[in-house]
1. Does the range 279-292 hold any residues that are buried (at least 17 other Cβ atoms within 10 Å of the Cβ) and in contact with a strand residue (DSSP E or B) (Cβ under 8 Å, 6 or more places away or on another chain), and which are they?
2. Just checking, how many residues over the range 78-109 are outside any strand (DSSP E or B) and either in contact (Cβ under 8 Å) with a residue 60 or more places away in the chain or outside the structural domain of Gly130 (by TED's automatic domain parsing) (or both)?
3. For the range 215-255, how many residues meet the condition of being of a type in the set (A, V, I, L, M, F, W, C), at pLDDT 90 or above and under 26 Å from Cys315 (Cα atoms)?
4. Return the residue satisfying two criteria in turn: it lies in the range 75-88 and is of a type in the set (A, V, I, L, M, F, W, C) and within 14 Å of Thr54 (Cβ to Cβ), and of such residues it is farthest from the chain's Cα centre (by Cα).
5. Is it the case that some residue within the range 346-357 is within 26 Å of Lys235 (Cα to Cα) and either touching a residue at least 40 places away in the same chain (Cβ under 8 Å) or outside the structural domain of Trp117 (by TED's automatic domain parsing) (or both)?
6. Looking at (1) out of contact with any Phe, Trp or Tyr (no Cβ under 9 Å at 6 or more places or on another chain); (2) over 28 Å from Ala253 (Cα atoms); (3) of a type outside the set (Lys, Arg), which one does Leu169 not meet, given that it meets all the others?
7. Could you check, for the range 57-70, whether at least one of its residues is under 30 Å from Ser28 (Cα atoms), out of contact with any helix residue (DSSP H, G or I) (no Cβ under 7 Å at 6 or more places or on another chain), of a type in the set (Lys, Arg) and assigned to a strand (DSSP E or B)?
8. Being over 25 Å from Ile146 (Cβ atoms) and free of Cβ contacts under 8 Å to residues at least 24 places away in the same chain is the filter here, so list the residues in the range 63-77 that pass it.
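The values are calculated or read from the model by the stated rules, or taken from the named source; none is laboratory data. Since we're looking at a predicted model, the values are computed, not measured. Cβ placement follows ideal geometry from the backbone for every residue including glycine, while neighbour counts extend to all protein chains displayed.
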Amino acid sequence: MSNAQWKRVRLDECTQIVSGATPDTSDSGFWGGDICWATPKDLSELDGAFITDTPRKITQAGLDSCAATILPPMSVLFSSRAPIGHVAINKAPMATNQGFKSFVPDPKQLTPEFLYWWLRTNRSYLESLGNGATFKEVSKAVVARIEIPLPPLAEQRRIAEVLDRAEALRAKRRAALAHLDTLTQSLFLDLFGDPVANRKAFPISRMGDVCDVRDGTHDSPKYVAEGGYPLVTSKNLSGGFLDLSDVNRISEADYVQINKRSKVDRGDIIMPMIGTIGSPVLVEDEPRFAIKNVALIKFTDGSPSPIVVRHLLSCHYFDHIVGQKNRGGTQKFVSLGDLRAFPLPLAPLPLQREFARRVAAVEKLKAAQRVALAELDALFTSLQHRAFRAEL
């Protein structure tokens, strides 16, 4: 059956649309009961399609006190504000807060799994329907008018199963990458022990004494609309990676001026100093960018292994040392002086080189897993859009 033959049905014609509510939080008699009560945050933390429990629960009195309704199992929860577009299927009866427009599918017309995948695939469209000044919200009236394609139930189940299998493959790749990250931590602890305790009594060196520690510009050069050079800030450094997909660009003159004092070279470490600190990136490709409010760590012949330093700056040891400073209110920061004084427990160079050798082998495996994951992501995106055009 082609997409042209699939009828299109409004959501209020094939589901019951249910809004949520929140009992008075100041009344202890409404909380701590046995009725699951979901928030959009609960959905954001899910690993998969199903939600089986919630951190907070309400009492029957709490449920009766507000407009919340218990959704039967296999309903589809959809966050309609803050943010729009989180989706899950509940395995247990539960209520939700007011940030939801949830759906109880008519079993004669619609399977919850098919609706789940349609909502996930069309998140951008659903977000575009939001209105509001303080935060965007999709109203119940707007949700009710949304039309979805409605193939026969057997075809709905087949489509959901195809997407489930593709998502399971992606999850396995992500789990493999996470395992490799854990392996690197285990290798470090095996060779050096916990750096916080430093039970092997490795000598402590200040990072500024064994490395050249600088930072990027603190000025705000004028951005250019086209061409120019990327200006890397903290937002471009996350999880040990450099992301230039959303970066501001500066003129060649500003690029040259900034790089007179803080030129980044291959083999350097760059790290955020404001906001999300502690996400060091080892620069492995020839850099063609400048940095702002970003630390720059350079290595000489007498410096420790960059691999070891990067690990010390990215593991719990960094949080332990920086936490003692207790700096930063709403926004964390680490100063250039702090980084130059940062204590590095350094094992003998042969041991550092052995760690670098083992990490290189792990990184090779991680690179292969990332390539495979990127291919699966592209395939999954294609499958999602083909699925609702009757092209699977």
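1. Across the range 279-292, the qualifying residues are Ser279, Pro280, Val281, Leu282, Val283, Phe289, Ala290, Ile291, Lys292.
2. Counting residues in the range 78-109 that are outside any strand (DSSP E or B) and either in contact (Cβ under 8 Å) with a residue 60 or more places away in the chain or outside the structural domain of Gly130 (by TED's automatic domain parsing) (or both) gives 5.
3. Here the count works out to 1.
4. Applying the filter and picking the extreme gives Leu77.
5. No, that holds for no residue.
6. Unmet condition: (1).
7. Looking for residues that are under 30 Å from Ser28 (Cα atoms), out of contact with any helix residue (DSSP H, G or I) (no Cβ under 7 Å at 6 or more places or on another chain), of a type in the set (Lys, Arg) and assigned to a strand (DSSP E or B), one finds at least one in the range 57-70, hence yes.
8. Asp64
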